[in-house]
Amino acid sequence: MTKRTEILRAVSEAAAVFNEPPSGARTSFDVIGAVADRNIPLLFRPLDKLWGAFITVNDQERGIIVTTKLGLPAQRFTVAHELGHLLLGHRTSLDETVGFEGRNAPASRPAHEAAADTFASELLAPKRLLLASATRHEWTRNKLHQPRNVYQLSLRLGISYQAACWALVTSKVLTRPEARQLQEKPVKTLKRELAPAGSITNSWADVWAITAADSETFIEAGSDDLFAVHVQDHASAGYVWRLVDADAEVDVVGERAPDLDHAYGARSSRVSYVRFRTPGVHHLVFEHVRPWSRATLDRIRIDVDGHGKEREGWARRTRRGVLEQVA
């Protein structure tokens, strides 16, 4: 089988898996769920020299192991990569790393690894998901040449910034040279541009630029991620944005003062920085209200899976299923 044939088969397999479950309000593909639905053992361990492995025993028993030393986006991509090995019928594979280029992988990349890379990229960042986020946020083709928008796209897809760059190449939004140039922008610089100094307490944490366009979505985030909620107050009409429901697990860690506009009646922009205290599934709700009458002009409601990366042992979903059966 030629390398091109393997790549095309990977694209087809990824499309078949992606089309199985309804995505609902999720902005990212539920790759852990896809593995669980197939009853494939998935284990997380602090591997020293491997990102992940696909293991077969006697051509019958199959399982996936992924390191706990990666952040959530890299873990998700590695899980998808190993699932690709399994569904494409590959033998045991011990992966020191994975390739984010997908079908744009260099010629030196072994065929079976390039195919697994392609499967992961096509599953986690298909054109349909890219288009959904781009349409929601009005990220035109030109805007997706800007690093800050590519970074925000990567968060909503649950993949790394680098993987998002190459997914945009596959979707013919970027050229290969443009993707390589975008990758030169350090993600830590993009984070600093979005948040006040000292507000990012964990180097692994991401910074989400949240707007009304994110309302009614379900996002998957890290446990220490920071949410920069951008709003516009219509103060001249008595409306202000307020955090009204984020359960008891949220901290407002800062706020940027409104931009001054001397035009009478002009709206002022404001950014509130919030973080959840504990891992878990949370609700983040802001309302544009008149405080004295509770009249509501607009609302932002987002569901956040803030568990972050998988810890050592079985995947969270597997552990939860076992506990539910015991109960």
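If I take every Cα pair under 8 Å that is 6 or more residues apart in the stretch 152-217, average their sequence separation and divide by the length, what percent do I get for the relative contact order? Intermediate results must be reported in sequence, preceding the final value.
Details: 28 pairs, mean separation 17.0, N = 66.
With pairs under 8 Å counted, the relative contact order is 26 percent.
Determine, for Trp139, Trp314, the number of other Cβ atoms within 10 Å of each Cβ, and report the residues in order from fewest to most.
Trp314, Trp139
Could you work out [θ]222 nm for the chain from helices alone, using -39500 (n - 2.57) per DSSP H run of at least four and dividing by all its residues? Round to the nearest 500 deg cm²/dmol.
Per the formula, -10500 deg cm²/dmol.
Only residues of the stretch 280-298 count here: report those whose backbone N is under 14 Å from the spot 7 Å along Cα→Cβ of Leu243, or say none.
Answer for this model: 282-287.
Using alpha-carbon pairs under 8 Å, 6+ residues apart, how would you state the relative contact order of the stretch 3-125 in percent?
32 percent
At what distance in nm do the modelled label points of Glu61 and Arg256 sit from each other, each positioned 7 Å from its Cα along Cα→Cβ?
My value for the distance between the label points is 5.4 nm.
Work out how much length Ala197 to Thr296 would gain on full extension: take 0.36 nm times their residue separation and subtract the Cα-Cα distance, in nm to one decimal.
Additional length available on full extension: 32.3 nm.
Under 1.5 on a/c is rounded, so check that first for the chain, then, if it is not, pick prolate when a/b is larger than b/c and oblate when it is not; a ≥ b ≥ c are the square roots of the alpha carbon gyration tensor eigenvalues.
prolate
A 29 angstrom limit on the alpha carbon distance is what I want to check against. Which of Lys3/Lys172; Lys69/Lys172; Lys185/Lys309; Lys49/Lys172 exceed it?
Beyond 29 Å: Lys69/Lys172; Lys49/Lys172.
If you take the beta carbon distance between Glu20 and Ala111 as r and set R0 to 30 Å, what does 1/(1 + (r/R0)^6) give as a FRET efficiency, to the nearest 0.05?
Details: r = 26 Å, r/R0 = 0.86.
In this case the efficiency is close to 0.70.
Between Ser269 and Val281, what length comes free when the chain is fully extended (0.36 nm per residue of separation minus the Cα-Cα distance, one decimal in nm)?
Numbers: separation 12, 0.36 × 12 = 4.32 nm, distance 2.83 nm.
Length difference between fully extended and current span is 1.5 nm.
Rounded to the nearest Å, what's the spacing between the alpha carbon centres of the stretch 38-109 and the stretch 192-243? Just the number, please.
33 Å
Which whole-number percent gives the relative contact order of the chain, counting Cα pairs below 8 Å spaced six or more residues apart?
Here the relative contact order equals 17 percent.
To two decimal places, what compactness ratio does the stretch 42-198 give when its Cα radius of gyration is scaled by 2.2 N^0.38 Å?
1.09
Determine the shape class of the stretch 79-139: with a ≥ b ≥ c the square roots of the Cα gyration tensor eigenvalues, call it rounded for a/c under 1.5, and otherwise prolate if a/b is greater than b/c, oblate otherwise. Write out the running numbers ahead of the final one.
Working: a/c = 3.01, a/b = 2.07, b/c = 1.45.
Taking the square roots of the gyration eigenvalues as a ≥ b ≥ c, the stretch 79-139 is prolate.
Based on Cα coordinates alone, diagonalise the gyration tensor for the stretch 128-191, multiply each eigenvalue by 5, take square roots, and list the semi-axes in whole Å, largest first.
Result for the stretch 128-191: semi-axes of 16, 13, 10 Å.
Could you give me D for the stretch 1-112, from Stokes-Einstein at 25 °C and 0.890 mPa s, where the hydrodynamic radius is the Kirkwood radius over C-alpha pairs? Units µm² s⁻¹, please.
D, rounded to a whole number, is 166 µm²/s.
Values in this text are rule-based calculations from the coordinates and carry no lab data. Predicted model only: the values in this text are computed from it and were never measured. Reconstructed Cβ throughout: ideal geometry from the backbone, glycine too, with neighbour counts over all protein chains shown.
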